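Each remark here refers to the structure printed beneath this line.
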């Protein structure tokens, strides 16, 4: 492939991803007019329009979408390989981007990565709180954290925590004038605190299991949040029932600040796993992060 042709493809992918000639030009370090000229040359060379341009926006045509989908990830792989080669030195270095829930960050990532980073000052870790099923490849994350059942088949998964349980909890003041639910269906009569998943916009359905029975209950209530920390605080304030990781509520249960119900409907499930694309070239920094997070069961 001719050098000019490769430059044209790089320019097109940048515009398609940024959906803006201005932002893409700044990212590539070229003028907007030069970038526009380069993309037009590529369109003329291929004989097909790749971008739809208006005064306010830039979007890909069907042909453009196909091209950016097929070559964009290959450019990412090349860049990842170049980064890995650059990091082949005595001290591992680089930035690792991880998406995870707030609870996973607080209880696993921070406690284990803190000591690692103190010993390797050239490694940087960016942790983004996310409760949706983010596409880590499309969003340019190096890895994500989910429970084992939620990891896609084409990903490498490394267990980083023990099995977990969910818990339905409420403050003693909430139960003062209300009967405790004995089965998931009883939640319909309760004021429940909902969690909205940002990626999909849906309210999370509470999941229960007992023996061979599995239930997903869409509860109702006056408050909805997009993070479990606020769910817990609202439950502590007597605002309703919350469905949270058992470990999050445990300290407050021990102090009597919360009361647990429906425990027999919340069996253990596969705990947190770090996952990343199988084709990812493992840099020294990334390998150190994975090993620091890897779960080792105590004997």
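Of the residues making up region 121-141, one or more are closer than 29 Å to residue 18 by Cα, surrounded by 17 or more Cβ atoms within 10 Å (Cβ to Cβ) and modelled with pLDDT of 95 or more. Name the single residue that is surrounded by the most Cβ atoms within 10 Å (Cβ to Cβ) among those in region 207-229 being more than 21 Å from residue 102 (Cβ to Cβ) and out of contact with any helix residue (DSSP H, G or I) (no Cβ under 8 Å at 6 or more places or on another chain). The selected residue is 218.
Quick check on region 235-256: of everything there that is in a helix (DSSP H, G or I) and surrounded by fewer than 20 Cβ atoms within 10 Å (Cβ to Cβ), which residue is farthest from the chain's Cα centre (by Cα)?
254
With respect to (1) without any contact (Cβ under 8 Å) to a residue 40 or more places away in the chain; (2) within 23 Å of residue 178 (Cα to Cα); (3) surrounded by fewer than 21 Cβ atoms within 10 Å (Cβ to Cβ), the lone exception for residue 259 is condition (1). Every test in (1) surrounded by 15 or more Cβ atoms within 10 Å (Cβ to Cβ); (2) at pLDDT 85 or above; (3) under 22 Å from the mean Cα position of the chain (by Cα) is passed by residue 35 save one, and that test is (3).
Would it be correct to say that residue 145 is part of a strand (DSSP E or B), in contact with a strand residue (DSSP E or B) (Cβ under 7 Å, 6 or more places away or on another chain) and over 30 Å from residue 79 (Cα atoms)? No; evaluated as a whole, the condition is false for this residue. Spot the failing condition for residue 171; the list is (1) within 24 Å of residue 197 (Cα to Cα); (2) surrounded by 13 or more Cβ atoms within 10 Å (Cβ to Cβ); (3) touching a residue at least 60 places away in the same chain (Cβ under 8 Å), and only one is missed. Exception for residue 171: condition (1).
Checked against (1) modelled with pLDDT of 95 or more; (2) closer than 23 Å to residue 130 by Cα; (3) out of contact with any helix residue (DSSP H, G or I) (no Cβ under 7 Å at 6 or more places or on another chain), residue 201 passes all but condition (1).
The values are calculated or read from the model by the stated rules, or taken from the named source; none is laboratory data. Keep in mind it's a predicted model, so treat the numbers as computed, not measured. Counting neighbours? That spans all protein chains shown, and the Cβs are built from the backbone with ideal geometry, glycine included.
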